[in-house]
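J.: Dumping the structure here so I can ask a few things about it.
The values are calculated or read from the model by the stated rules, or taken from the named source; none is laboratory data. All values reported here derive from a predicted model rather than from experimental measurement. Cβ sites come from the backbone with ideal geometry, for glycine too, and all protein chains shown count toward neighbours.
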Ligand SMILES: [Zn+2]
Ligand SMILES: [Zn+2]
């Protein structure tokens, strides 16, 4: 458990008019700017940000220019309710909360077919620190819109759980959703490629199903962190051939399931090659459009399934919340995945470190009030 800091993180006696925020101004351009504190309307909340994780999807949007500028990104956040709009009954000023930046409608065709990430309502972002709503967590305050508040997008954090542990609820949800789609069985062998925070979460949850889990990564430092989550079958990808090792471990068949947790297309072939005939390959980190080479015979003749999973599902909210809030007892203390905590003024550096992973960089957090994440 992180040690308590002396940071002061409280309800403001008087809200400031302006705040600092990391504003996206175009491809690879993040500027620290002074912007107005958002105003809230009926049914809405104003949340003071304690901490916000930098997510791979933020980095992709910033480096690829896939979204118009200006925007304020950041969506893995925990904070304090400092103002409630007219008619809000479920939450009060002073509540510690984690906020999802989008929620599905629960009724449309996609929601009924259990692919909520394709729901039109879900694609609307409902939290903002100003400009086009885009999360807003890389700032001091966010406005949480009424449909998020109303439809389960705000989760109360118990006093004993630090904001930064709670900020993992959204990424953990995406991982639980992916693991559920794979229907893992205890006699199976799983390979998780990539041991960044998302890869470690996947491997840890896969091993809880009873499956035998192998993890591959180039960096020994990451394997060392993975080992603290009970992941004791590391494959040092820089030193040994991952496909050959998986064959050797499975009487020449290949893994029953392979989960790819490294972005880009470079490892898709290895992932497919590592899977046994009839096995499954999940592209998890590959969250962008484009074209990639793959062997259609591996899918048709060898009957390997290529599966994708994107974003979170509200079907698993209670399970995910329980898992994260109970993390210190159930071995799922996610704060061990945090390698860097930057202040908001250092947001450019934070995003740069997150964009260029090094052996010792894992989850990067931005804390508008330094130290508040561990409260
Ligand atoms: Zn995320
Ligand atoms: Zn829907």
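J.: Out of all the residues in the range 110-134, which are at pLDDT below 95 and within 17 Å of the chain's Cα centre (by Cα)?
T.: Passing the criteria: 116, 117, 122, 123.
J.: Look at the range 271-291 and say how many of its residues are under 24 Å from the mean Cα position of the chain (by Cα) and either in a strand (DSSP E or B) or surrounded by fewer than 20 Cβ atoms within 10 Å (Cβ to Cβ) (or both).
T.: So the count comes out to 8.
J.: Report, by residue number, each residue of the range 135-152 that is under 20 Å from residue 365 (Cα atoms) and either modelled with pLDDT under 95 or within 19 Å of the chain's Cα centre (by Cα) (or both).
T.: 135, 136, 137, 138, 139, 142, listed by residue number.
J.: Looking at the range 125-135, which of its residues are away from ligand 1 (no atom under 15 Å from the Cβ) and not in a loop (DSSP other than H, G, I, E, B)?
T.: Of everything in the range 125-135, just one residue is away from ligand 1 (no atom under 15 Å from the Cβ) and not in a loop (DSSP other than H, G, I, E, B), namely 128.
Quick grid of which residues meet (1) away from ligand 2 (no atom under 16 Å from the Cβ); (2) over 20 Å from residue 332 (Cα atoms):
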residue: 113; (1), (2): no, yes
residue: 145; (1), (2): yes, yes
residue: 158; (1), (2): yes, no
residue: 167; (1), (2): yes, no
residue: 170; (1), (2): yes, no
residue: 174; (1), (2): yes, no
residue: 182; (1), (2): yes, yes
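J.: Name the single residue, out of those in the range 239-266 being modelled with pLDDT under 95 and out of contact with any helix residue (DSSP H, G or I) (no Cβ under 8 Å at 6 or more places or on another chain), that is surrounded by the fewest Cβ atoms within 10 Å (Cβ to Cβ).
T.: Checking each candidate, the answer is 266.
J.: Do you know which of the residues in the range 106-119 that are in contact (Cβ under 8 Å) with a residue 24 or more places away in the chain and surrounded by fewer than 22 Cβ atoms within 10 Å (Cβ to Cβ) is nearest to ligand 1 (Cβ to nearest atom)?
T.: The selected residue is 117.
J.: Residue check, residue 13 against (1) surrounded by fewer than 21 Cβ atoms within 10 Å (Cβ to Cβ); (2) under 22 Å from residue 101 (Cα atoms), all met but one. Which one?
T.: Among (1) surrounded by fewer than 21 Cβ atoms within 10 Å (Cβ to Cβ); (2) under 22 Å from residue 101 (Cα atoms), the lone unmet condition for residue 13 is (2).
J.: Another question, if that's okay. I need a count of the residues in the range 325-340 that are in contact (Cβ under 8 Å) with a residue 40 or more places away in the chain and touching a strand residue (DSSP E or B) at 6+ places or on another chain (Cβ under 6 Å).
T.: Of the residues in the range 325-340, 2 are in contact (Cβ under 8 Å) with a residue 40 or more places away in the chain and touching a strand residue (DSSP E or B) at 6+ places or on another chain (Cβ under 6 Å).
J.: Another question about this same structure. For residue 155, which of the numbered conditions (1) surrounded by fewer than 24 Cβ atoms within 10 Å (Cβ to Cβ); (2) modelled with pLDDT of 95 or more; (3) part of a loop (DSSP other than H, G, I, E, B) fails to hold?
T.: For residue 155, the exception is condition (3).
J.: Could you count how many residues in the range 154-209 are within 25 Å of residue 113 (Cα to Cα) and without any contact (Cβ under 8 Å) to a residue 24 or more places away in the chain?
T.: Of the residues in that region, 1 qualify.
J.: Follow-up. Checking the condition crowded, with 23+ Cβ neighbours inside 10 Å, closer than 23 Å to residue 20 by Cα and within 16 Å of ligand 1 (Cβ to nearest atom), which residue from 100, 122, 141 passes?
T.: Of the residues listed, the single one that is crowded, with 23+ Cβ neighbours inside 10 Å, closer than 23 Å to residue 20 by Cα and within 16 Å of ligand 1 (Cβ to nearest atom) is 100.
J.: On the basis of being crowded, with 22+ Cβ neighbours inside 10 Å, more than 16 Å from ligand 1 (Cβ to nearest atom) and in a helix (DSSP H, G or I), does residue 206 make the cut?
T.: Taking the combined requirement at face value, the residue satisfies it.
J.: Those residues that are surrounded by fewer than 21 Cβ atoms within 10 Å (Cβ to Cβ) and within 16 Å of residue 182 (Cα to Cα), I need them from the range 295-310; list them, please.
T.: The answer is 303, 305, 306, 307, 308, 310.
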